[in-house]
Amino acid sequence: MRGAIVGASGYSGAELTRLLAGHQKVSELEIFSNSLAGEMFDEHYPNMAGEVGLRYQKVPEGITLRGYDVVFLATPAGAAMSLVRDIGLDGPSIIDLSADFRYLDYGLYKFWYGKDHLFQNEENKFIYGLTELNREALRGARLVSNPGCYPTSILLALVPLLRDEAIIEKEVISDAKSGVSGAGRKLQEEYLFYRCNENIVPYRPIRHSHIGEMEHQTYNLTGQDIRLSFTPHLVPLNRGILSTIYCRLSKDKDVAEVEERYSRSYGEEPFVQVLQSGRIPNIRDVVGSNNCRIGYI
């Protein structure tokens, strides 16, 4: 396939570039970034020197992107929808890494992101791209909306229990921690070394946009409504997420049944490892990989 990445200068776009540059099914790859146009990828990510060897190009008009087989959008929320409108839904396959198409209800997008959606009068045709939980819907999909970082960590743990109605109370609490790169590659005071080092900071509690995504997708994936109390924290790490989730099981459920549900859901999944009861996962075991580890007590 001939692929394009728009927004390849950020951390997500750079990681995606590394993965696709060596992908056996990608015959040609071009990367776009207005801020770094004309510069070499390796100059900004020397840790990947020798793996990529591509030069950033200026982002073309959306219609030009129709010449690719697959287009990845690693742009901020709000920018992707404009590109999708220009490319057209009948053009190449589109995989959007932003939040612009994660809600089937565009009214929810406006509630959580404070802006009208350009497609608000149309049906959302994007499929939620959390592969382990939505594989059948994703088979053959041309339009895919990738999940957020925190939602990936929390939904992978919650959905198997919700699908079997193993949770009696639909009030779920999650205390989550993320490395600094999760905020993206931008220069803001709260992400400077002297602010982050030897410090832990909760941010956007109660109103974090990922709350809406998680509540919305738990219903779409399981038919179960939950109320999620979620507080993310910035911790002095480069990358990685650890989410601690608290929920109450039905009276007739026990730990053995929780183990059985996780085993049934992820026994054949290469990237999700369910630990034995009582073992606690940690960030060091997964950072830099495509893996998720789930532990339970």
Inset, instruction - Test each condition in (1) over 20 Å from Ala141 (Cβ atoms); (2) part of a helix (DSSP H, G or I); (3) open to solvent by 40 Å² or more (accessible area, probe 1.4 Å) for Gly53 and report the one that comes out false. - result: (2)
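Search the stretch 254-297 for residues being of a type in the set (A, V, I, L, M, F, W, C) and open to solvent by less than 40 Å² (accessible area, probe 1.4 Å), and hand back the single one that is farthest from the chain's Cα centre (by Cα).
In the first step, residues of the stretch 254-297 are kept if they are of a type in the set (A, V, I, L, M, F, W, C); the result is 255-256, 258, 271-272, 274-275, 280, 283, 286-287, 292, 294, 297.
Checking which are open to solvent by less than 40 Å² (accessible area, probe 1.4 Å) leaves us with 258, 272, 275, 283, 286, 292, 294.
Numbers: Val258: 25, Val272: 15, Leu275: 22, Ile283: 17, Val286: 16, Cys292: 13, Ile294: 17 Å.
By that ranking, first place goes to Val258.
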Inset, instruction - Any chance you could count how many residues in the stretch 1-37 are free of Cβ contacts under 8 Å to residues at least 12 places away in the same chain and either open to solvent by less than 20 Å² (accessible area, probe 1.4 Å) or within 12 Å of Gln57 (Cβ to Cβ) (or both)? - result: 0
Inset, instruction - Looking only at the stretch 65-88, decide whether some residue is modelled with pLDDT under 90, among the aliphatic types (A, V, I, L, M) and open to solvent by 20 Å² or more (accessible area, probe 1.4 Å). - result: yes
Inset, instruction - For the stretch 191-223, enumerate the residues that are farther than 15 Å from Leu234 by Cα, in a helix (DSSP H, G or I) and of a type in the set (A, V, I, L, M, F, W, C). - result: Ile211, Met214, Leu221
Legend entry - Which numbered condition Gly148 fails, given (1) within 13 Å of Gln217 (Cβ to Cβ); (2) open to solvent by 40 Å² or more (accessible area, probe 1.4 Å): (2)
Legend entry - Residues located in the stretch 108-136, provided they are open to solvent by less than 50 Å² (accessible area, probe 1.4 Å) and assigned to a helix (DSSP H, G or I): Tyr109, Trp112, Glu132, Leu133, Asn134
Inset, instruction - Could you tell me whether any residue of the stretch 239-253 is over 21 Å from the mean Cα position of the chain (by Cα), more than 30 Å from Ala137 (Cα to Cα) and not in a helix (DSSP H, G or I)? - result: yes
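Could you grab me the full set of residues in the stretch 163-189 that are over 18 Å from Ile226 (Cα atoms), surrounded by 12 or more Cβ atoms within 10 Å (Cβ to Cβ), of a type outside the set (Gly, Ala, Ser) and modelled with pLDDT under 80?
As a first pass, look at the stretch 163-189 and keep what is over 18 Å from Ile226 (Cα atoms): 177-189.
After this cut, where a residue has to be surrounded by 12 or more Cβ atoms within 10 Å (Cβ to Cβ) as well, the list is 177-185.
From what's left, of a type outside the set (Gly, Ala, Ser): 177, 180, 185.
Matches in the stretch 163-189: Arg185 only.
So in the stretch 229-253, with the set limited to residues that are touching a Cys at 6+ places or on another chain (Cβ under 7 Å) and open to solvent by less than 50 Å² (accessible area, probe 1.4 Å), which one is modelled with the highest pLDDT? Quick ask: steps written out before the conclusion?
At the first step, the residues of the stretch 229-253 found to be touching a Cys at 6+ places or on another chain (Cβ under 7 Å) are 234, 236, 241.
Still in the list and also open to solvent by less than 50 Å² (accessible area, probe 1.4 Å): 234, 241.
Working: Leu234: 91, Ile241: 96.
Per the criteria, the residue is Ile241.
The values are calculated or read from the model by the stated rules, or taken from the named source; none is laboratory data. No experiment lies behind these values; they were computed from the predicted model shown. Ideal geometry is used to build each Cβ from the backbone, glycine not excepted, and the neighbour counts take in all protein chains shown. Quick note on the areas: whole protein, heavy atoms, side chains included, nothing else; ligands and nucleic acids left out. Shrake-Rupley method; radii C 1.70, N 1.55, O 1.52, S 1.80 Å.
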